[in-house]
1. Is there a residue in the range 226-244 that is under 22 Å from His168 (Cβ atoms), among the charged types (D, E, K, R) and without any contact (Cβ under 8 Å) to a residue 60 or more places away in the chain?
2. Looking only at the range 149-176, filter to residues that are touching a Pro at 6+ places or on another chain (Cβ under 8 Å) and not aliphatic (A, V, I, L, M); which one of those is surrounded by the fewest Cβ atoms within 10 Å (Cβ to Cβ)?
3. Here is a list: His106, His127, His192, His142. Which entry is surrounded by 17 or more Cβ atoms within 10 Å (Cβ to Cβ) and modelled with pLDDT under 95?
4. Any residue in the range 118-134 that's among the β-branched types (Val, Ile, Thr): show its pairings with residues that are not in a loop (DSSP other than H, G, I, E, B) at Cβ separation under 6 Å, as long as the two are six or more apart or on different chains.
5. For the range 44-101, name all the residues that are within 19 Å of the chain's Cα centre (by Cα), more than 18 Å from Asn9 (Cβ to Cβ) and acidic (Asp, Glu).
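The values are calculated or read from the model by the stated rules, or taken from the named source; none is laboratory data. Just so it is clear, the structure is predicted and the values come from calculations on it, not from any experiment. Counting neighbours? That spans all protein chains shown, and the Cβs are built from the backbone with ideal geometry, glycine included.
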Amino acid sequence: MNLKIATWNINSVRLRIELVERLLKQEKPDVLCLQEIKCVNDAFPLKAIKKAGYEHVAINGQKGYHGVAIASRIPFKKTEAREFCGKGDCRHLSADLDIPGGLRVHNFYVPAGGDEPDPEINDKFAHKLDFVREMTRLYEGHKTKSKNRMVLVGDLNIAPLEHDVWSHKQLLKVVSHTPVEVDLMNELYASHDWVDVMRRFVPDTEKLYSWWSYRAKDWLAADRGRRLDHIWVTPALADAPTSMKVLKEARGWERASDHAPVIATLRL
């Protein structure tokens, strides 16, 4: 079977539910993972999602902040929301899809980390680093299971490669591209020998972004982006990806999120 999975930091699902509906109608993913939904579970626009054909929805919401959700055409065998760093934040959700061979989808919203890249003076940055370290420890515990079929998606808030940002030199001291964050992401990659699906289709030497700041007067003309959103698969699925795209046009939709959806197709 072919599985089409999309990930999108929607920056308030209630505010932008019409954009979610537009994406579902246009791209028809089998699974949509949303981050930064900014609402409690009961306030999630479930009716609209189900009307669009996504009967299976898991939500880990929080009032006004953070929050993640998974909407699927495929039934879930089980779902799990894991808390990281003991902060009470709703930043993770996993779902086991009811398909032959099984597939677990992990949806993450990693802390942004604030503006100052110094954990000694910036608690938000310290939290971000601890969060990624805890993710690494989690997946190290699974690494011996070579047949694990897992997909990890979400807004990881780190642009690790030189061409994941508009200017490597200018952003080395800017949160999301600092050496300490990149080193931790590399450790996370290694924790389960993850495969970076996006870079399977776009060489490391080419620019690749998924986020463009609201601060730019003309984001498209400036094109000062960063690749903060990711899709990874475990080695058992290394040969599964058949396509990938960043739906850049969605960044230009009316009242858009500052993130664009990232969409990949896997042959399972």
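1. Checked the range 226-244: no residue is under 22 Å from His168 (Cβ atoms), among the charged types (D, E, K, R) and without any contact (Cβ under 8 Å) to a residue 60 or more places away in the chain.
2. Among them, the one singled out is Lys173.
3. Numbers: His106 fails: modelled with pLDDT under 95; His127 fails: modelled with pLDDT under 95; His142 fails: surrounded by 17 or more Cβ atoms within 10 Å (Cβ to Cβ).
Being surrounded by 17 or more Cβ atoms within 10 Å (Cβ to Cβ) and modelled with pLDDT under 95 holds for just one of His106, His127, His192, His142, which is His192.
4. If the second residue must be not in a loop (DSSP other than H, G, I, E, B), the pairs left are Val132/Leu184; Val132/Leu188.
5. Result: Glu80, Glu83, Asp96.
Yes/no per residue for (1) in contact (Cβ under 8 Å) with a residue 60 or more places away in the chain; (2) in a loop (DSSP other than H, G, I, E, B):
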| residue | (1), (2) |
| --- | --- |
| Trp8 | yes, no |
| Asn11 | yes, yes |
| Val20 | no, no |
| Lys47 | no, no |
| Ala58 | no, no |
| Ala71 | no, no |
| Gly86 | no, yes |
